[in-house]
Structure formats: structure tokens, C-alpha cells
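Following: one structure in C-alpha cells, then a few remarks.
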Amino acid sequence: MQQDAIIIGGGFAGLSAAYILARARRRVTIIDSGTPRNRFAAHSHGVLAHDGKSGGEILAEARAQLAAYPTVTFIEGEALAAEGVIDDFHVRIARQDSIATRRLLLAGGVEDRLPDIPGLKERWGKTVLHCPYCHGYEIGGGPLGVLATHPMSAHQAAVVADWGTVTLFTNGMPEPDEAAFALLERRKVSLQAGLVSAIETGKDNMLRVRLANGRSVEVKALFVGPDLHIRGTIADTLGCALEESAAGKILATDAMKATSIAGVYAAGDIARAFGNITLVSADGVTAGLGLHQSLMFSARS
Ligand SMILES: Cc1cc2nc3c(=O)[nH]c(=O)nc-3n(C[C@H](O)[C@H](O)[C@H](O)COP(=O)(O)OP(=O)(O)OC[C@H]3O[C@@H](n4cnc5c(N)ncnc54)[C@H](O)[C@@H]3O)c2cc1C
């Protein structure tokens, strides 16, 4: 049966949108491949009433609540492709033929691409971190590192300085300009020039940041701004316009999270720079409202 909406990606944004559509008694199918961006971290922080729970636990609770709505269908697996026009989209999935839907919500999130430094990837979400607001408090102060990956890294180091004593590893990036340098000085951030060659385990479980010049610096945690990439090719094949953000390319959306393609909405990290669970959940709600109202006020409501 044709769905009112198919949500591609059942993470925090997608499930937040699903509540709105389910409560409006609309037929909604959520397709999810089960790999949310924060799966590498054991705990989620700063989430209203869920501080310290794992992301997986929060999502499982949401799925259980949504399953009680009779118009909601879950499909575990990957949406492989989507095509069509408003009121007549088709989404192809791994284990079934295609499903027809009037509207689409893209909520598949982004992939974090980390610099290719031995020892970095396996510590992602544990002691190699993306955001001090999410995980800085638990470190409990002390020596911290920021690995420069883009022009905003000096700003990131100045921010992280509220959680400890920071060393900014420039790792081949251009030295900060005069204004950034003055900010780093004011925030007591020290600079460590040279390429980083490996991340190792140091004394007392500290991280040892090894430099190509043979020196090493021990820190309790290392913050990194990864390269963010929209997951999959569905947004691209549908022709959704992109916009440049400080965190990389994201889908361009209007105030109700509609993309440039009629009938296609987008919410979450896929359409927001610097998302977190609360922000992307709010975007999911906005998209759910926008999508529902576009159904409501179309000729075939
Ligand atoms: C290591 C780490 C720790 C974090 N910790 C916190 C924290 O403590 N607090 C906080 O507020 N934020 C935290 N964040 C940020 C937060 O995880 C993200 O902002 C949030 O997960 C984005 O939600 P989303 O719904 O946009 O995407 P995601 O949560 O990434 O969910 C997208 C879902 O879509 C699925 N999917 C993708 N493509 C397809 C497809 N083609 N077909 C079917 N399914 C698909 C994926 O499998 C996934 O389940 C953390 C991020 C990272 C990287």
C-alpha cells in the first residue's frame, strides 16, 4: 500500500519525525540500517532526561514507543535507491521490492572520516572525541589535545580549553593567523607543530600523541574535527541541492526542512552543521510537521 511518508534513516532525527506523522495517523515506513553516528560512544550526554544513557538505548526506547502506533512500519535494512516525483516516489530496499510513497524524508546522517593516523580510529568515541559539550565533562580536566584538521581547529582548541589544558597539534595544517594566535594565547593553548605519526597508549592509560620528529605529548583525550560526508547516494540521485557549511556539505533545506526537490524533506546531521541529539531531534519534528502539512494541503489530502 502506498505510504504517506518513507523515512530513510531511523536515527534521532528520523524517529522524531516519525512521532509527528504517526500521531497524525499517517502511514509511515521507517527504513533503518542500524548504524547511528554515535554508536562508537558508550554514553550520550546533554540529552534532556537521558543524560548518560547509551544512544542505542534511547533509540530502542523510541522504536518501542513508535511500534505501538498502528500506522507505523519498521524495515531493518538499507534503502538502496529512491526515484519519482511528489505523490509518487518509490524506494528500493535490500530484501524487498520497492515501496511507494507520497513523501520522502532523508535522515540517514553523515559519516565521520578521520585522518589516517595509526591508533586514531580505534579510539574514536572513547578517548578520541568530536565534541567537548558531549564528552568533555567526564574527562575531568587535565592535559587535552586538539588535532588540527581544518581552519576551525584553532577555534575548537580555544573552546576545549574550558575543559582542560590544551595542546593544539597543527599536523601539517597552516599555522593559525594573528587573530587566532592571540585567541589561543588568551586561552592558554600551546601549539605543537609537526606531523602526528601515531596515537599510542601512554602511562596510566593516557594517550601518547607521537610526532614524526620523535617527540611525544601525553594527553587524557584528543579532540578531532572529522570530515563529514553525507551517507549514501540517494539525495544526490534525487537531485537535492547542497549547501556549504563550516562542517562540510549538507543538504539545503528551508525553514520546514523541505529540500530543493518537491516532496523530499531532510533532517538531522544530513541537513545541519554541528548536530547533536537534541538539535537533530528538533529538526526531525520540524520536518515531520512540514511534511504532514504538505500532505494536508495538497490536492489529495
Ligand atoms: C562519537 C560520537 C559521540 C556523540 N555523542 C553525542 C552525545 O553524547 N550527545 C549528543 O547530543 N550528541 C552526540 N553526538 C552527535 C549525535 O550522535 C548526532 O548528532 C546524531 O546521531 C545525528 O542524528 P541523525 O538522526 O541525523 O543521524 P544518525 O544518528 O547517524 O542516524 C542515521 C541512521 O540512518 C541510517 N541510515 C543511513 N543511510 C541509510 C539508508 N540508505 N537506508 C537505511 N538506513 C540508513 C543509519 O544506519 C542510522 O541508523 C555524537 C556523535 C559522535 C560521532
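Okay, here's what the table says:
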read-out	value
Whole-Hz ³J(HN,Hα) from phi, Karplus 6.51 cos²θ - 1.76 cosθ + 1.60, for the range 129-139, glycine and proline x	10, 9, 8, x, 5, 7, 10, x, 4, 5, 5
Where labels lie 7 Å past Cα in the beta-carbon direction, separation of ALA255 and ALA94 in nm	4.0
Area of LYS121 that stays accessible when all protein chains are in place (1.4 Å probe, Å², to 10)	110
Nonlocal amide H pairs with GLY275, under 5 Å, H built at 1.01 Å	none
Normalised alpha carbon radius of gyration of the chain [divisor 2.2 N^0.38 Å]	1.11
Per residue, in Å², the accessible surface of the chain once ligands and nucleic acids are set aside, probe 1.4 Å	49
Stretchable slack from MET1 to TYR69, in nm (0.36 nm times residue separation minus alpha-carbon distance)	22.8 nm
In order through the range 221-231: 3J(HN,Hα) via Karplus (6.51 cos²θ - 1.76 cosθ + 1.60), integer Hz, x for Gly, Pro	7, 10, 9, 9, x, x, 7, 9, 10, 4, 7
Heavy-atom accessible area ranking, 1.4 Å probe, most first, across PHE12, PHE74, PHE274, PHE223	PHE274, PHE74, PHE12, PHE223
Exposure ranking of THR237, THR167, THR35 by accessible area [1.4 Å probe, largest first]	THR237, THR35, THR167
Heavy atoms of MET152: accessible area, 1.4 Å probe, square angstrom to 10	80
TRP163 accessible area, assembled protein chains, probe 1.4 Å, Å²	60
Karplus 3J(HN,Hα) series, Hz, for the range 113-128 with 6.51 cos²θ - 1.76 cosθ + 1.60 (x for Gly, Pro)	9, 9, x, 7, 10, x, x, 7, 4, 5, 9, 4, x, 10, 10, 9
Ordering of 246-259, 181-194 by packing [mean C-beta count within 10 Å, highest first]	246-259, 181-194
For the range 115-224, with +1 on Lys and Arg beta carbons and -1 on Asp and Glu, the positive-most of GLY194, VAL146, VAL217 along the dipole	VAL217
Cleavage-rule hits (trypsin sites (Lys or Arg not before Pro)) in the range 14-71: DSSP loop, at most 12 neighbouring Cβ within 10 angstrom	ARG25
Heavy-atom accessible area order for HIS45, HIS130, largest first, 1.4 Å probe	HIS130, HIS45
Label point distance in nm, ALA262-ASN205, each placed 7 Å from Cα along Cα→Cβ	5.8
Sulfur and carbon atoms: percent of accessible area, the chain [1.4 Å]	54
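The values are calculated or read from the model by the stated rules, or taken from the named source; none is laboratory data. For clarity, every value in this text was computed on a predicted model and none was experimentally measured. Because the Cβ atoms are built from the backbone with ideal geometry, glycine has one as well, and the counts that use them run over all protein chains shown. In case anyone asks, the SASA skips ligands and DNA or RNA and just uses the protein heavy atoms, side chains included. Shrake-Rupley method; radii C 1.70, N 1.55, O 1.52, S 1.80 Å.
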